Amino acid sequence: MTQSVDLEWLSQQITDASVKGITHAASTLIRDGQIAVGMQMPAVRELAERLGVSPATVSAAWAQLKKQKVLAGKGRSGVWVSGNSVMPRPIRFEKIGNYGENVQASLAMASPDPTLLPDLRQAMLAGIASPQLNSYQREAISPQLQDAVTPRWPYPAEAWLATDGGFDAMNLIVQTLLSPGDRVVIEDPTATRLLDILDNIGAEILPLPCDEQGPIPSALSALMQKSPAMFIYQPRTHSATGHSVSQRRSAELARVLANSSTIIVEDDGIGDLSRWPVFSLGFHYPERVLHVHSFSKAYGPDLRLAVLSGTAEMVKRLQAWRNFGVSWTSRILQDAVAWMLNDEQTQQRIQQAKATYAQRRQQLLAALAKRGLVLEERDGLSVWIPVESEQYAMITLAARGIAVLPGERCSINSRQFIRVSAALLPFAQLDSIADAIVIASGRELNLNPDL
């Protein structure tokens with residue numbers, strides 16, 4: 001017979017009845033062995049009543065422990081302890097590329113082609129010549145990098161902060177400005193790691209459907225009725241679908257967000273490789289917009305550099321949280337990027353890379369169209385492909401040694417799809433890859449030699 005955790009005893013162990021407090025107390029008791037694996041947890045409503053909180057608070061705490069594989073179960077069967085090792089992990093992200101040794105074409109990661117990245121030698125020499133090199137002053141951004149990004153920024157920002165890449169910036173924002181249980185509106189689909197980051201903090205995710213111009217205003221308006229703490233979206237060249245937010249759509253979103261205090265976070269992950277401009281909501285609401293621009297895909301992943309903007313107060317809060325750890329991003333890397341932003345040859349190299357990626361993407365689209373699968377030309381390092389069944393698509397492609405990203409890794413409610421990277425497409429295998437993708441999509445392979 002399954003042993004149940006005593007309700008009275010458990011409620012006495014919880015001294016902080018917030019989502020974070022309940023989560024911490026329960027995880028500590030489980031880790032220390034005071035609550036054993038296999039034991040049944042008290043009913044949500046009973047524990048909530050004893051703690052004097054709403055059932056939603058206890059449910060949010062249990063949901064956090066379920067994501068960490070500590071608790072399991074739901075509904076009439078109740079919730080029980082399934083593990084005693086509390087270790088947050090980016091589960092969605094870690095599943096990407098786990099295909100064994102049979103991979104002939106690895107098209108799951110939308111990574112830049114190293115041969116198209118700028119030469120870093122002169123940039124690094126400029127970096128080590130930084131006037132602030134080896135200073136322990138905890139400055140948010142080097143003066144050189146700030147001078148370089150200011151004229152390029154999509155709106156007149158008040159303050160900037162350099163971070164160790166785009167996802168470091170997004171994690172910093174979420175960790176600093178959100179609390180467990182906060183509601184967050186985010187595009188569906190979105191970047192895999194953004195969902196992991198939100199899961200880790202224990203946020204309640206409100207998925208926002210999109211079309212070819214970005215988030216759908218009417219859907220956002222409906223979600224705003226739930227008073228979300230934050231709205232996260234990608235303003236251009238979406239990482240999963242390749243869509244970009246048009247100027248008209250940006251204005252429509254601004255009207256929806258007018259009468260709220262929701263923090264707006266713009267994640268410009270592809271940065272300078274996008275062929276579209278950014279229409280930032282910072283023009284409308286500079287007091288609550290955080291804009292993140294990553295330099296990794298265009299200038300080099302090992303530079304580990306992004307810049308975010310916000311109000312001076314927001315940046316001060318983010319910097320204060322960073323002081324628990326690294327405090328500042330390497331000035332060598334900051335000033336190396338600053339040099340490249342002002343170097344004519346580097347900028348020409350970026351434009352060449354952008355054109356090459358577009359050509360590769362178009363070649364894949366042409367090969368698919370030739371076989372009866374016609375898709376819209378969008379932007380980015382990958383191609384978004386609707387499928388009848390993700391499971392069938394993944395099995396079909398895996399059997400042919402082709403690894404792609406399944407839509408479930410980066411979506412909540414969106415339609416079935418796969419994302420295929422075109423940045424490093426092996427063109428010697430283009431025909432066989434295109435054949436496999438069309439079959440995997442659930443469509444009949446219909447080769448038209450005239451296309």
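When segment 210-228 is filtered for residues that are in contact with a strand residue (DSSP E or B) (Cβ under 6 Å, 6 or more places away or on another chain) and more than 17 Å from PHE279 (Cβ to Cβ), the ones remaining, listed by number, are ALA219, LEU223, LYS226, PRO228.
Residues in segment 18-77 that are touching a residue at least 60 places away in the same chain (Cβ under 8 Å), polar (S, T, N, Q), open to solvent by 40 Å² or more (accessible area, probe 1.4 Å) and out of contact with any Ser or Thr (no Cβ under 9 Å at 6 or more places or on another chain): none.
If the condition is being under 20 Å from GLY83 (Cα atoms), of a type outside the set (Gly, Ala, Ser) and not in a helix (DSSP H, G or I), then segment 15-38 contributes ASP32, GLN34, ILE35, VAL37.
Being closer than 19 Å to SER296 by Cβ and either surrounded by fewer than 19 Cβ atoms within 10 Å (Cβ to Cβ) or over 15 Å from the mean Cα position of the chain (by Cα) (or both) narrows it down to one residue among THR115, THR176, THR190, THR150; which is it? Even if it seems obvious, please write down each step before you answer.
Values: THR176 fails: closer than 19 Å to SER296 by Cβ; THR190 fails: either surrounded by fewer than 19 Cβ atoms within 10 Å (Cβ to Cβ) or over 15 Å from the mean Cα position of the chain (by Cα) (or both); THR150 fails: closer than 19 Å to SER296 by Cβ.
After ruling out the rest, the residue left standing is THR115.
Of everything listed in (1) charged (D, E, K, R); (2) modelled with pLDDT of 95 or more; (3) over 30 Å from LEU425 (Cβ atoms), the single unmet condition for ARG138 is (2).
Among all residues of segment 291-314, there is at least one that is open to solvent by 30 Å² or more (accessible area, probe 1.4 Å) and more than 23 Å from the chain's Cα centre (by Cα). Among the residues making up segment 365-384, those that are touching a residue at least 60 places away in the same chain (Cβ under 8 Å) and under 17 Å from LEU273 (Cβ atoms) are ARG378, ASP379, GLY380, LEU381, SER382, VAL383, TRP384. Of the set (1) more than 32 Å from the chain's Cα centre (by Cα); (2) touching a residue at least 24 places away in the same chain (Cβ under 8 Å); (3) in a helix (DSSP H, G or I), all apply to TRP9 but (2). Looking at segment 374-391, is at least one residue closer than 21 Å to SER244 by Cα, of a type in the set (A, V, I, L, M, F, W, C) and out of contact with any Leu (no Cβ under 8 Å at 6 or more places or on another chain)? No, segment 374-391 contains no residue that is closer than 21 Å to SER244 by Cα, of a type in the set (A, V, I, L, M, F, W, C) and out of contact with any Leu (no Cβ under 8 Å at 6 or more places or on another chain). Note on segment 320-340: residues that are open to solvent by less than 40 Å² (accessible area, probe 1.4 Å) and in contact with an Asp or Glu (Cβ under 9 Å, 6 or more places away or on another chain) total 4.
Considering only residues that are assigned to a helix (DSSP H, G or I) and either within 26 Å of LYS316 (Cβ to Cβ) or in contact (Cβ under 8 Å) with a residue 60 or more places away in the chain (or both), which ones fall in segment 255-298?
GLY271, ASP272, LEU273, LEU281, GLY282, PHE283, SER296, LYS297, ALA298
Looking at this structure, is ARG419 open to solvent by 30 Å² or more (accessible area, probe 1.4 Å), of a type outside the set (A, V, I, L, M) and either within 22 Å of SER111 (Cβ to Cβ) or more than 28 Å from the chain's Cα centre (by Cα) (or both)? Against the criterion (open to solvent by 30 Å² or more (accessible area, probe 1.4 Å), of a type outside the set (A, V, I, L, M) and either within 22 Å of SER111 (Cβ to Cβ) or more than 28 Å from the chain's Cα centre (by Cα) (or both)), ARG419 does not qualify. Restricting the first member to segment 310-334 and to residues that are outside any helix (DSSP H, G or I), and the second to residues that are modelled with pLDDT under 95, the beta-carbon pairs closer than 6 Å and six or more apart or on different chains are SER327/ARG138; TRP328/ARG138.
The values are calculated or read from the model by the stated rules, or taken from the named source; none is laboratory data. Note that the coordinates shown come from a computational prediction; the quantities given were computed from them, not determined experimentally. Glycine gets a Cβ as well: all are built from the backbone with ideal geometry, and neighbour counts include every protein chain shown. In case anyone asks, the SASA skips ligands and DNA or RNA and just uses the protein heavy atoms, side chains included. Shrake-Rupley method; radii C 1.70, N 1.55, O 1.52, S 1.80 Å.
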